[in-house]
1. Against the condition crowded, with 18+ Cβ neighbours inside 10 Å, within 23 Å of I185 (Cα to Cα), touching a His at 6+ places or on another chain (Cβ under 7 Å) and among the aliphatic types (A, V, I, L, M), how does L76 come out, does it pass?
2. When the stretch 220-235 is examined, which residues are found to be over 24 Å from S267 (Cβ atoms), open to solvent by less than 60 Å² (accessible area, probe 1.4 Å) and in contact (Cβ under 8 Å) with a residue 60 or more places away in the chain?
3. Going residue by residue through the stretch 154-161, is there one that turns out to be under 18 Å from F68 (Cα atoms), assigned to a loop (DSSP other than H, G, I, E, B) and among the polar types (S, T, N, Q)?
4. May I ask you to list the residues in the stretch 58-72 that are surrounded by 20 or more Cβ atoms within 10 Å (Cβ to Cβ) and among the charged types (D, E, K, R)?
5. Which count do you get for residues in the stretch 108-126 that are open to solvent by 30 Å² or more (accessible area, probe 1.4 Å) and of a type in the set (G, A, S)?
6. Looking at (1) modelled with pLDDT of 90 or more; (2) over 20 Å from the mean Cα position of the chain (by Cα); (3) of a type in the set (K, R), which is the only condition R71 fails?
7. Give the residues of the stretch 198-233 that are among the small types (G, A, S) and at pLDDT 95 or above, sorted by residue number.
Amino acid sequence: MGRRNDIDHNHDDEQASAATSATLFGMLLRDHRTKAGLSQEELAGKIPCDRSLVAKVEAGVRVPQLPFVMRCDEVLGTGGLMTRLWPKVNWYQRVDHPDWFQRRADMDAEATALRIYQSQFMPGLLQSDEYAHALLTPNLGGDLGQGWAAARLSRQQRFLDADGPLLMVVLDESALRNVVGGPSIMRNQCAHLLATAQYPNIRIQVAPARLALDLPATSVSLITLPDGHQWVYSESLDRGHFCDDPIVYARHARTYDVLRADALSVSESASLISDFMEGYSGDGTQRRIDGLGQEQPQRPQRRRLPRSRVPDDGLGQEQPQRSQRRRLPRSRPRIYMRHHYRRAR
């Protein structure tokens, strides 16, 4: 009985510590906002976001997304203090991963390097809060969907740090085109990709539809653990699959390395993601937005990529330059099968 009480007491201490960390982060934001002479509404207008989001973050009851934190640092002139603090806060103190995924979550918690190829949906380690909830909640329901989304987002923190593990991602263009939750959520998801790509340990490349690339048959992760042990991870409908056979790993690693070499470069990928974000603006205008939600000045002419890298429409047809190009068509609502969420882990 005494042992049980000790466990409960320790658990309560952990919860209190995490809650205090979130509260202290909110107090820090409020302090810098006040020193800058801005109201919550004025700060929200400069980010931009709803005033309620600023209020909830300051109260310690809402997890701020990375682009929001980076923008606050810029507006309030904090020298990047909150961005450096953000990954240190235990935002998700109680999470429950699905049983079949727990082993993979444990590997993410200690991996020294991850190399991921992802199709159809954003990889779980790069999903924004809104995207994760929009993807999971319709399939799983409110409480379970919220819980699994929190568990998914909790895996991101150790990677979203300048000293975090190496995270290499090749993102199939289909993940950018596949609308989850609507244009606004997709626009913010693209901004989230651009913000996370600024970390020195993260590289994001896009495999464009117009190129005949040698793609893996399914989304796959190559995991390196601290002891040098290497694993191949993939998923089927209701389970995760692990393989540490050196021959199998070498085969998948070769395919992945060739794919990275043939995909768009990091800078070209960022440009394409920006174009998608622009297309999802939803206000009838064509704007180029950076990864922190800021509108960039229009340039008289857009510098063309090398001819082999000119973005096209996915069917092998070269797209017009920006001044002549329409926004990406809005996709109609998609109906997801129940197993889809697993592929975006």
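1. Here the answer is no, as L76 does not meet what is asked.
2. Within the stretch 220-235, the subset over 24 Å from S267 (Cβ atoms) is 220-221, 223-235.
Now restrict to residues that are open to solvent by less than 60 Å² (accessible area, probe 1.4 Å): 220-221, 223-225, 228, 231-235.
V220, S221, I223, T224, L225, W231, Y233, E235, listed by residue number.
3. yes
4. Matches in the stretch 58-72: E58, R71.
5. Going residue by residue through the stretch 108-126, those that are open to solvent by 30 Å² or more (accessible area, probe 1.4 Å) are 109-110, 112, 115, 120.
Now restrict to residues that are of a type in the set (G, A, S): 109.
Number of matching residues: 1.
6. (2)
7. Let us first name the residues in the stretch 198-233 that are among the small types (G, A, S), namely 207, 209, 212, 217, 219, 221, 228.
Within the stretch 198-233, A207, S221, G228 meet the criteria.
One line per residue, one yes/no per condition, for (1) open to solvent by 40 Å² or more (accessible area, probe 1.4 Å); (2) over 19 Å from A22 (Cα atoms); (3) aromatic (F, W, Y); (4) modelled with pLDDT under 90:
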position	(1), (2), (3), (4)
E42	yes, yes, no, no
P48	yes, yes, no, yes
V95	yes, no, no, yes
S128	no, no, no, no
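The values are calculated or read from the model by the stated rules, or taken from the named source; none is laboratory data. Since the model is a prediction, treat every value here as computed from it, not as a measurement. In this analysis, Cβ positions are derived from the backbone assuming ideal geometry, glycine residues included, and neighbour counts consider all displayed protein chains. Only protein heavy atoms, including side chains, enter the accessible area calculation; ligands, DNA and RNA are left aside. Shrake-Rupley method; radii C 1.70, N 1.55, O 1.52, S 1.80 Å.
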